[in-house]
1. Taking segment C:82-127 as the search range and keeping residues that are in a loop (DSSP other than H, G, I, E, B) and small (Gly, Ala, Ser), which one is nearest to the chain's Cα centre (by Cα)?
2. Specify which of the listed residues (B:Arg245, B:Arg240) is on the phi < 0 side of the Ramachandran plot, within 14 Å of another protein chain (Cβ to nearest Cβ), charged (D, E, K, R) and in contact with a strand residue (DSSP E or B) (Cβ under 6 Å, 6 or more places away or on another chain).
3. Please specify each residue of segment A:420-477 satisfying the condition of being small (Gly, Ala, Ser), within 11 Å of chain B (Cβ to nearest Cβ) and outside any helix (DSSP H, G or I).
4. Looking at segment B:204-230, which of the residues that are within 28 Å of the chain's Cα centre (by Cα) and surrounded by fewer than 23 Cβ atoms within 10 Å (Cβ to Cβ) is farthest from the other protein chains (Cβ to nearest Cβ)?
5. Right, A:Ala378: in a helix (DSSP H, G or I), touching a Lys or Arg at 6+ places or on another chain (Cβ under 8 Å), among the aliphatic types (A, V, I, L, M) and within 26 Å of A:Arg456 (Cβ to Cβ) or not?
6. Return a yes/no flag: does segment A:148-158 have any residue that is free of Cβ contacts under 8 Å to residues at least 60 places away in the same chain and surrounded by 18 or more Cβ atoms within 10 Å (Cβ to Cβ).
7. Which fully enclosed helices (runs of 4 or more DSSP H) of segment C:180-252 have 3 or more residues being in contact with a strand residue (DSSP E or B) (Cβ under 7 Å, 6 or more places away or on another chain) and modelled with pLDDT under 90?
8. Would you say A:Gly499 is facing chain C (nearest Cβ under 10 Å) and of a type outside the set (S, T, N, Q)?
Amino acid sequence: MDFVLVQLLTGLAAASSLFLVASGLTVIFGVTRVVNFSHGSLYMLGAYIGWSLLTRLPREPEWFALGVVATALATGGIGVLLETTLLRRIYRAPELLQLLATFGVVLMVQDIVLKLWGPADLSLPRPRWLRSFVVIAGERVPFFDLVLIGIGPLVLLALWLLFTRTRWGTLVRAATQDRDMVAALGVDQRLLFTSVFALGAALAGMGGALALPDGSANLQMDLTVITDAFVVVVVGGLGSVAGAYLASLLIALLQAFGIVLLPKITLVLVFAVMAVVLVLRPNGLLGRPPAEARGEAHVLALIRPASRALRLLGAAALVAALLAPLLAGPFLLSVLTEMLVAVLFAASLHFMMGPGGMASFGHAAWFGLGAYGAAFAAKFLLLPMPAGLVAAPLAAGAAAALFGWFVVRLSGVYLAMLTLAFAQIVWAAMFQSVEITGGDNGILGVWPAAWAADPRVFYWLTLALCVAGTLLLRRMLYAPFGYALRAARDSALRAEAVGLDTTRIRLAAFTLAGTAAGLAGGLSAYSNGSVFPTYISIGRSVDALVMVLLGGVQTIAGPVVGALAYTGLFDALLLVTDLWRLVLGAAIVVLVLAFPQGIAGTVQRLWLRGREA
Amino acid sequence: MRISRRTLIAGTAGMLAAPAIVRAQGSTPIRIGEINSYTAIPAFTVPYRMGWQLAVEQVNAAGGVLGRKIEVISRDDAGRPPDAIRLAGELLNDQKVDLLSGTFLSNVGLAISDFAKQNRKLFVAGEPLSDALVWENGHRYAFRLRPSTYMQAAMLVDDAAKLNAKRWVTVSPNYEYGQSVVKWFKQLLAAKQPGVEFVGEQWPALGKIDAGATVAALAQAKPDAILNATFGPDLTNFVRQGNTRGLFEGRGVVSVLTGEPEYLEPLGDETPEGWIVTGYPVDSVTDPTNKAFIEAYKAKFNELPKMGSVVGHALITSIVAGIAKSGSVDTEKMADGFPGATFDTPFGKANWRALDHQGTLGTYVGKTALKGGKGTMVDWRYVDGTDALPPDDVVRKMRPA
Amino acid sequence: MSVLAVADLHKSFGGVRAVSGVSFAVAPGEMLALIGPNGAGKSTCFNMLNGQLRPDGGRIALDGQDITGLAPRRVWRRGVGRTFQITATFASMTVRENVQVALLSHHRRIWRFWQPTSALFAAEADALLDQVGMEAQADRAAGVLAYGDLKRLELAVALANAPRLLLMDEPTAGMAPAERVALMQLTRDLTRRQHIAVLFTEHDMDVVFGVADRILVLNRGELIAEGDAAAIRADARVRAVYLGSGATSGGH
């Protein structure tokens, strides 16, 4: 029993830590609808700034508290900077574009922090009071744990008072429910957004500073915390602060007791919890169904047949791609092969995300399952490469159909996060099944068949399959199925009222997208000669998202352009600079500002305007 | 911060400025391709880079090898195996490097090793600890410098047995390195100390340890001793919670890698005393070779070397020695010539084993202690890699023919 | 025989009776208005007919076949077209494509992945658009249409499955008064020619009395009157309900 009590307290302390980060994220999302990927970066900055302040301050508790508050103010200030210089310019852009912008910020902050604070982990020397403990039920409970246990509910209370007892809070709540209404009431929305973002950033920074007594400021903490924070926010219900606290409790307590019973569950627990919650409650624990955002219709562009000029351009690009091996060296060829794979991967995500309206944060699941499907076929069934390349899309498609059954019933960020949960479950399965998959060391020796061993031949094969796959997806979008899919996205109500089974249509699209991603994964497996769990990692899913958003969600050429631009930039920068993250991040930010509809989307818009003028 | 590329370019520029010398030697520099996770794992790889930069400088100052200078072409793999493989291709085909080297992560190391096998090019791995690199997946062209997870466990197991503890628990990051350390440690300790029991295990996800809960769960098993394989940020969290909650009091702790400066330094004045660890007692080594290395490193970078620096430095000297013995940079000649080559490292002499291409570079085993508010290693001894490897026939069975 | 026959329909929400014991029938080609003050149960009644809500009790029959509790898309398959109070169209498509999608669904050609849509049922779509006077706007995006045009587009879409019955929920809401009567006259002309029954709810009494063949009056979930315009105008209970509730003809 004593152990249960102690573990309960430990769980409560962990819950508070989680809540501090998640509360800021949920407040920001609730009001601005920004999926703030850089929230983890603000948390990391909080830890580093906190370290710099607290190591210089006296070691007494009151100075510690002051240092934490100062850190929160500092990150709040960084939040203001971020909001006014970047996010404010793109609120009118298509949904999720802000995610792309904040992803650029994540990359930049990683290099900036490395430059400012160096590569070593920085730990804050703990004064005596931070090391002290209280004996409860015969067990030592760290004093700081008790502090944290108190801070969580205090912050919750403070936020509640702020939102219910102040005019500002009333406006924020109103904005959470209906942005347009608040704007119509003549409230300065810009100021409201900026202040909300500052509050969220300050909470993140405070969370980072408060993580110092238990650990260190390090360069991995941004990405470590961001996924957990998102899970908490989604499980709690987007925009619900109380829900975030409830979700933090649920996850932290399950974790505290879960690792006693099943020590290896650490990899997957939070995602399994999220999957279960979302399947049972599609809007999280305390979330409300999202109100149909007004004015969104304007964002949806018509899909017209490609113009003559675009067709010529495409044909020219294809000819160039066909002839490339005659000029390109082996390395350039491998980069081009990678680009082709990326094109199909991005096109497959675009298929469900653009016309299907189903953004996914876990698209790497299907890419990875395709890769593993090919690797299993090659290594265990000893099948030749063509069979492996058939197995890849089939395996991915079957899994997508299975998981999709749950996924397509959801919408928006909830849907995206459920795909992430499934992707993480798949990842953990591949990671943990060491006997079959080799765990994180992966499966090696998945090299192409002898007839395709020449990089040029393999390139042409990849070109054929990826171009065919991408064109097939494109063709489907112009076919009745594609119209039905867009119909389900544009107005599910109307679609059902003209006899369309929107659930089935969305599931079919999800499965097709998974199948195509699986083919891309299979090609990638043979092209790299190996398969790893990293193929299913969050980073890989983010890559797909970045490519689609960079190119433009609303144009069919978008994912192609985005994939070429992103992989091209990445590969080139990796060769020329140590600071590739800084440059790539800055490039993404600039591209977002210059092409708010995505590269292809904005170019198309300018082109059409030019023709109509 | 000192950044490699700038110094590298400066070095290259220096050579270009003296073309007469190069021409006099009648040849171009030997090109060593190097790949590592510079942005993904900077805490280790930044000192590592400084280590090989120093070695390159020293080797070239001493006239290079085979009458040629050496040159390192370095790439960042961002911690992603597929990117590492592509970059290996770039180094091979575009940069025309004579051999490949580097890597930190085991999966990246294994991927490049497989690439090297496919392309019949030499690959000298520095840091990756996976046993598979030279055993299950070993091949003619792959070499690995550092003591593997097996060797790390084997080096610690003697002292662990001396603890005479019956009930053990383990805490280890949940991936191949952690799993492998625990597997070997259990196996070797059980052989040495019959009747030993492993009564609990914790597998925190790398970088995501829930330290309070982990510590409480370990204490719950009422162990006599603890095996730890966490490192980096996880280790700091674990030690702090363990200290406050008294997990380590009256218990023996055996801890892999913890004595390495990159992981010991962040523990600061909370470094627990008396842990049996592998590492690098950089502040107290007495061996003249090691001291010379430390002095040279300090002179160049104005800080003490870390374990990564040693690996980076020894990687270059081990390659240079292999090339010298082979008398050529032809891949087949190097694959024949590297085995048996002896090289100097900051830790002393080592060689490339002919049996499995494992380097015999060892590491220090000692106890952690606090000195002036900082963690350090005491009662240390250097364990040569040769002494921490299984019998030859066992190795032969694990290595594919 | 009647197209739609509703018998003893019931629906409660948390103990509150929204619709109670409603029965009526609609004949082919007939235009039937369902009116009543706010909260009378019109929307609930409508949503049970179109499949959005499942009744607690009672029976709905279309052409003698039971359709009670069927999902909206199955109700549509049986030959029921719909328009919405707030227009629902496919904003990323042209006007013609909106109609084409409905036609594709009607002809069960949705699960085609190869043939381009542009060539499919384009002529039929144009014919439907012609009927509602939208042919000139066929290539415009639905997302940029004026509200009255959206209503006419919805009408064309609703007619695409050659329905036996048209359900129109507040068809003229949000339109200028002059447009309202015109839209309903158009509807009346189209449906009468094709013997399509129309059931609509409406706030605007000028529209109701102007086009409806017959009028049903709901109050507090119950049917209180039924008859032609003259009969309803004269009905004492209807007058009491409307005057009592403060609503007057044409009010909003």
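1. Within segment C:82-127, the match that is nearest to the chain's Cα centre (by Cα) is C:Ala88.
2. The unique qualifying residue is B:Arg245.
3. The answer is A:Gly438, A:Gly442, A:Gly445, A:Ala453.
4. Going through the qualifying residues, I end up with B:Ala225.
5. Answer is no for this residue.
6. Within segment A:148-158, none of the residues are free of Cβ contacts under 8 Å to residues at least 60 places away in the same chain and surrounded by 18 or more Cβ atoms within 10 Å (Cβ to Cβ).
7. C:236-244
8. In short, yes.
The values are calculated or read from the model by the stated rules, or taken from the named source; none is laboratory data. If you're wondering where the values come from, they're calculated on a predicted model, not measured in any experiment. Every residue, glycine as well, gets a Cβ built from its backbone with ideal geometry; the counts of neighbours run over all protein chains shown.
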